[in-house]
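Enquirer: A single structure is presented below for examination.
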Amino acid sequence: MQEIKTALGRWVPNNESHTVLEDSVLRVLFDYRMSPQNPKNVPMKLSDIVRAVSSNDRLVVAALDSLKELQPPYIEEGKEFQQERTFSITGSGVRFVRNMSQDLVGAG
């Protein structure tokens, strides 16, 4: 079975496209939260997330909903901005991304 490397460095079976997209969304939201240009942790607009992961709205919303439903949730929905949904990564999501990064460093 072929595998694909996700944006978080995980290798997953190529039939798990949802995991690939979820990892891409988490990476985008993590990088946005950690950006010096976002010191107040402003949530990101849905259209910006869609553009950043190069996917379509419906698939990205499904990935966001899945990440929101985890216990604890990895992302949260913010207040609408310019009549658009917004999202940000939670502390649990940040820890997950950081742990994935540490696993990659340790694996080398």
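Enquirer: With a Förster radius of 30 Å, plug the Cβ-Cβ distance of Lys79 and Gln2 into 1/(1 + (r/R0)^6) and report the FRET value to the nearest 0.05.
Expert: It comes out at approximately 0.15.
Enquirer: Assigning unit charges at the beta carbon (Lys, Arg +1; Asp, Glu -1) and nothing else, what dipole magnitude in debye, to the nearest 20, does the chain show about its Cα centre?
Expert: In debye, rounded to 20, the chain gives about 320.
Enquirer: Right, here's the next one. Decide, for region 19-75, between rounded, prolate and oblate: order the square roots of the alpha carbon gyration tensor eigenvalues as a ≥ b ≥ c, take rounded if a/c falls under 1.5, and otherwise choose prolate if a/b is larger than b/c, else oblate. If you can, show how the numbers build up before the last one.
Expert: Details: a/c = 1.95, a/b = 1.29, b/c = 1.52.
Oblate.
Enquirer: Mind checking the full-extension length gain between Arg10 and Met34? Use 0.36 nm per residue of separation minus the Cα-Cα distance, one decimal, nm.
Expert: Values: separation 24, 0.36 × 24 = 8.64 nm, distance 2.08 nm.
Here the segment from Arg10 to Met34 would lengthen by 6.6 nm.
Enquirer: To test your reading of the geometry: what angle, between 0 and 90 degrees and rounded to tens, separates the Cα axis of helix 57-69 from the longest principal axis of the chain?
Expert: That works out to roughly 80 degrees.
Enquirer: For the chain, what does the helix formula give at 222 nm: sum of -39500 (n - 2.57) over DSSP H segments with n ≥ 4, over the residue count, nearest 500 deg cm²/dmol?
Expert: That comes out to -16500 deg cm²/dmol.
Enquirer: With angles folded into 0 to 90 degrees, how steeply does helix 17-34 sit against the dominant principal axis of the chain? Use alpha carbons for both and round to 10.
Expert: Between the helix axis and the principal axis of the chain, the angle is about 60 degrees.
Enquirer: Find which of Asn15, Met1, Leu59 sits farthest along the positive direction of the dipole of the chain, computed with +1 on the beta-carbon of Lys and Arg, -1 on that of Asp and Glu, about the Cα centre.
Expert: Going by the charge dipole, the pick is Leu59.
Enquirer: Using mean Cβ contacts within 10 Å as the protection proxy, how do 24-33, 53-62 order, highest first?
Expert: Working: 24-33: 21.4, 53-62: 14.5.
Result, highest mean Cβ count within 10 Å first: 24-33, 53-62.
Enquirer: For the chain, what relative contact order do you get, as a whole percent, if you take Cα pairs closer than 8 Å and at least 6 residues apart?
Expert: 26 percent
Enquirer: Go through (i) 0.97; (ii) 1.13; (iii) 0.99 and flag the label whose value is the computed Rg/Rh (Cα atoms, Kirkwood Rh) for this structure.
Expert: Computing Rg/Rh (Cα atoms, Kirkwood Rh) and matching it to (i) 0.97; (ii) 1.13; (iii) 0.99 gives (i).
Enquirer: Just subtract the alpha-carbon distance of Ser92 and Ser17 from 0.36 nm times their residue separation and send over the number in nm, one decimal.
Expert: 24.8 nm
Enquirer: Output the peptides 9-17, 93-101, 39-47 sorted from most to least packed, where packing is the average of other Cβ atoms within 10 Å over each peptide's residues. Provide the component values of the computation, followed by the final result.
Expert: On the way: 9-17: 12.8, 93-101: 16.4, 39-47: 14.9.
Highest to lowest by the protection proxy: 93-101, 39-47, 9-17.
Readers should treat all values here as calculations from the given coordinates under stated rules, not as data from a laboratory. What you see is a predicted model, and the numbers here were worked out from it, not measured in a lab. Ideal geometry is used to build each Cβ from the backbone, glycine not excepted, and the neighbour counts take in all protein chains shown.
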